[in-house]
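Comments concern the structure below.
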Amino acid sequence: MSKVIIATDKAPAAIGTYSQAVKIGTTVYLSGQIPLDPETMELVSEDFEQQAEQVFKNLAAVCEAAGGELQDMVKVQIYLTDLGEFAIVNEVMARHFSKPYPARAAIGVKQLPKGAQIEIDGILELPSTN
């Protein structure tokens, strides 16, 4: 199978040597999204909850560009500079996903690009009809 590169201007452009996502068959590997506004490429806010909302918006845009939706994600990895924000992550995630929820990991990190407080990457499984 060949790789298909997924790109959309509705999510922040890659700020390094990577693609927004790569599709192999019906599986899409999404690169990490941080809370950048896709138009300005600046952080949306210093507020953690607003940053988390923007990350899910960015992920949703990439999922849609790949032919799926956020609910099709089967695995998410969440990187947080403060694990004390975990309860807010759960609240925000509950607004964007319904059961069955994807598998998930939450990892505390010292620092993220551009001073972001949260980054999320994951794996999307497209319906086999796509």
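Rule-based calculations on the coordinates, nothing more; no lab input. Since the model is a prediction, treat every value here as computed from it, not as a measurement. FYI the Cβ positions are ideal-geometry reconstructions off the backbone, even for glycines, and counts take in every protein chain you see.
For the residue pair residue 24 and residue 37, what label-to-label distance in nm results when each label sits 7 Å from Cα along the Cα-to-beta-carbon direction?
Here the modelled spin labels are 3.7 nm apart.
Taking the beta-carbon count within 10 Å as an exposure proxy, list 104, 95 from fewest neighbours to most.
Values: 104 16, 95 10.
Exposure proxy ranking, most exposed first: 95, 104.
Express as a percent, rounded to the nearest 5, the fraction of DSSP beta bridges in the stretch 26-130 (both residues included) that run antiparallel.
Details: 13 of 19 bridges.
DSSP beta bridges in the stretch 26-130 are roughly 70 percent antiparallel.
Over the chain, what is the mean sequence separation of C-alpha contacts under 8 Å (at least six apart), divided by residue count, expressed as relative contact order in percent?
31 percent
Could I get the Rg over Rh figure for the stretch 3-125? Both from C-alpha atoms, Rh via Kirkwood, rounded to two places. Numbers along the way, then the final one.
Numbers: Rg = 13.3 Å, Rh = 14.3 Å.
Expressed as Rg/Rh, it is 0.93.
Run lengths n ≥ 4 of DSSP H only: what is the helix-derived mean residue ellipticity at 222 nm for the chain, with -39500 (n - 2.57) per run over all residues, to the nearest 500? Don't skip to the answer; put the middle values down first.
Details: 2 runs with 29 residues, N = 130.
That calculation yields -7000 deg cm²/dmol at 222 nm.
Determine the gain in length on full extension of the stretch residue 99-residue 5; use 0.36 nm per residue of separation and subtract their C-alpha separation, reporting nm with one decimal. Please report the intermediate quantities before stating the final value.
Values: separation 94, 0.36 × 94 = 33.84 nm, distance 2.87 nm.
Separation in residues times 0.36 nm, less the Cα-Cα distance, equals 31.0 nm.
Compute the long axis of helix 48-65 from its Cα atoms, compare it with the longest principal axis of the Cα atoms of the chain, and write down the angle in degrees, 0 to 90, nearest 10.
Here the helix axis deviates by roughly 10 degrees.
Treating the angle as unsigned and between 0 and 90°, give the value, to the nearest 10°, between the Cα long axis of helix 86-96 and the longest Cα principal axis of the chain.
40 degrees
Would you please give the FRET efficiency between residue 128 and residue 106, computed as 1/(1 + (r/R0)^6) with r the Cβ-Cβ distance and R0 = 41 Å, to the nearest 0.05?
Using R0 = 41 Å, I get an efficiency of 0.85.
Take 86, 56, 97 and order them by how many other Cβ atoms sit within 10 Å, fewest up front. Provide the component values of the computation, followed by the final result.
Details: 86 13, 56 21, 97 16.
Listing 86, 56, 97 from fewest to most nearby Cβ atoms yields 86, 97, 56.
Just want the ordering: 112, 83, 70, from fewest to most Cβ atoms lying within 10 Å of their own Cβ. Walk me through the intermediate numbers first.
Details: 112 17, 83 12, 70 20.
Final ranking by Cβ density, sparse to dense: 83, 112, 70.
On a full-extension model of 0.36 nm per residue, what is the gain between residue 114 and residue 77, subtracting their alpha-carbon distance, rounded to one decimal in nm?
Working: separation 37, 0.36 × 37 = 13.32 nm, distance 1.87 nm.
Length difference between fully extended and current span is 11.5 nm.
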